[in-house]
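Bear in mind these aren't lab numbers, they're just calculated from the coordinates by the rules spelled out. All values reported here derive from a predicted model rather than from experimental measurement. Cβ placement follows ideal geometry from the backbone for every residue including glycine, while neighbour counts extend to all protein chains displayed.
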Amino acid sequence: MNIPFFSFAGTHDPIKAELTKAFEKVYDSHWYIMGNCLKDFEKNYADFSGTKYCTGVANGLDALIISLKTLGIGAGDEVIVPSNTYIASWLSVSYVGAIPVPVEPRVGTFNINADLIEASITSKTKAIMPVHLFGQCCEMDKIMQIAKKHNLFVVEDNAQAQAATCNGQMTGSFGDINATSFYPAKNLGALGDAGAITTNNTELNHKANVVRNYGSQKKYFNEIKGINSRLDELQAEILNVKLKYLNNWTKTRVEIATTYNQLLNGVGDMVLSSIANNCTHVYHQFVIRTKQRDALQEYLTKNNIGTIIHYPIPPHLQEAYSEMNFKKGQFPIAEEMAETSLSLPLYPGIKNEELEFVANTIKKFF
Ligand SMILES: Cc1ncc(COP(=O)(O)O)c(C=O)c1O
């Protein structure tokens, strides 16, 4: 058996005709930027997220940067971020000139530990950026309470968890303004780069719209110095098609994770992730932890099972952040996660016998 880490076959192949039709629709419209397909998608994704507004942008990193810019966060401000996340979360803070202030995660959930946030708040803190890592919603009830108490903005990084919830409320609808990514391999992915911003705030929505389009709402009239980060018509229409299937795909992801959890419970020294109270997980990734991570990965590779390490180096130890002079050992939980985490194949289309093969191969290793 040969099991790739990821495959589009299970999601794309059954809807190829619809995706092709979407391409033809945009091709025939002769309108490729800021047209009706984008308008439709912005409405559809806002409805899906339970927010008033959605603004389509070019990618998830831009969605974060524009969100921070829209809030007026910049030089000298501090933004609380998780110590273990994809570096994009930190980069967005750095790109607006602000300082990322890392807070350690809870070991079981991989998500920022809400109980540690208050200790990192200073007079310069302007916002908290919870990242719903690997598909699990953060403890948004606690995080929103802390933000309210200290008068801070919340910007959700929802790149990995479209459709996850806390107390039944969707990710991307808690913060003042929130960012998501439709990178192809995300739970909702375009056929190229794409992203979006969601908010319930009319003023912030207006500003985000203006920032993504050269600082202009009326052509050639520029209110502010904006950027060009628009979600094009083709990707928007592809996303309109795929959004209809997201709930089914999410259900499938949860079923696959349930099977893995049953098959892998108590195997070797492996630790499976846990889910915080009142939160749900949409399994963008299925991440296990073991002290024998590198040897296990090598063994699985030899047995034709693809795996990926999310992420081998935490942001504070990346060369890109060397100027902040973080030391190894400063964020031990993030560092331990980087040394022990391994993501197993999980995608709609993976078969039960393939999950069994992965689990049996892991059992053989231990
Ligand atoms: C947590 C997180 N934030 C932000 C991003 C940035 O998204 P994009 O790749 O669309 O710029 C990603 C993408 O991988 C991500 O995983």
For segment 247-365, build the convex hull from the C-alpha positions and give me its volume per residue in Å³.
138
Sparse-neighbourhood loop sites, chymotrypsin sites (Phe, Trp or Tyr not before Pro) in segment 136-225 - DSSP loop, at most 11 other Cβ within 10 angstrom
Tyr220
Mind running the shape call on segment 61-161? Use the C-alpha gyration tensor, a ≥ b ≥ c as the square roots of the eigenvalues: rounded below 1.5 for a/c, prolate if a/b tops b/c, oblate otherwise.
oblate
In µm²/s, what is D for segment 1-145 at 4 °C and 1.567 mPa s, where D = kT/(6 pi eta Rh) by Stokes-Einstein and Rh is the Kirkwood radius from Cα pairs?
71
With label points built 7 Å along Cα→Cβ from the Cα atoms of Lys363 and Glu298, find their separation and express it in nm.
2.5
If one builds a Gaussian network model of the chain from Cα atoms under 10 Å apart, the most fluctuating residue listed among Glu339, Glu354, Glu42 is Glu354
What do you get for trypsin sites (Lys or Arg not before Pro) in segment 196-283 restricted to DSSP loop and a cutoff of at most 10 other Cβ within 10 Å of the site's Cβ?
Lys219, Lys225
Throw me the Rg/Rh for segment 122-192, computed over C-alpha atoms with Kirkwood Rh, two decimals.
1.02
Round to a whole angstrom and tell me the spacing of the C-alpha centers of segment 115-166 and segment 298-325.
24
Setting aside same-chain residues fewer than 8 positions from Lys69, which aspartates and glutamates have a Cα under 18 Å from its Cα?
Asp77, Glu78, Glu156, Asp157, Asp176, Glu203, Glu223
Could you work out the equivalent-ellipsoid semi-axes for the chain, taking the square root of 5 times each eigenvalue of the Cα gyration tensor, largest first, in whole Å?
32, 27, 17
So the number of lysine pairs in segment 247-365 with alpha-carbon atoms under 27 angstrom apart, 8 or more residues apart or on different chains, is 12
Segment 280-356: trypsin sites (Lys or Arg not before Pro) in DSSP coil with no more than 15 other Cβ atoms inside 10 Å:
Lys291, Lys327, Lys328, Lys351
37 °C / 0.692 mPa s Stokes-Einstein diffusion coefficient of segment 157-307, Kirkwood radius on C-alpha pairs, µm²/s
180
Partner aspartates and glutamates for Lys25 [C-alpha distance under 15 Å; skip if fewer than 8 residues away on the same chain]:
Asp40, Asp232, Glu233, Glu237
How far, in nm, would the chain grow between Glu336 and Asp40 when pulled straight, counting 0.36 nm per residue and subtracting the alpha carbon separation?
102.2 nm
Rounded to the nearest Å, the spacing of the alpha-carbon centers of segment 249-290 and segment 53-89 is 28
Which lysines have a Cα less than 17 Å from the Cα of Lys244, not counting those fewer than 8 places away in the same chain?
Lys16, Lys21, Lys39, Lys43, Lys186
Here FRET efficiency (C-beta to C-beta, Glu118 to Leu272, R₀ 30 Å, nearest 0.05) is 0.55
Length gained when the stretch Ile224-Tyr95 is fully extended (0.36 nm per residue, less Cα-Cα span):
44.7 nm
Note on the chain, DSSP bridge orientation, antiparallel percent to nearest 5 equals 65
Would you mind counting up the charge near Trp31? Only other residues with Cβ under 15 Å from its Cβ, with Lys and Arg at +1 and Asp and Glu at -1.
-2
For the chain, calculate the relative contact order in percent as a whole number, restricting contacts to Cα pairs under 8 Å that are 6 or more residues apart.
23
222 nm [θ] for the chain, helices only, -39500 (n - 2.57) per DSSP H run of 4+, per residue, to 500?
-11500 deg cm²/dmol
Specify which residue in the list Ala334, Tyr214, Gln262 is farthest towards the positive end of the charge dipole of segment 210-366, using unit charges on the beta carbon of Lys, Arg (+1) and Asp, Glu (-1), about the Cα centre.
Tyr214
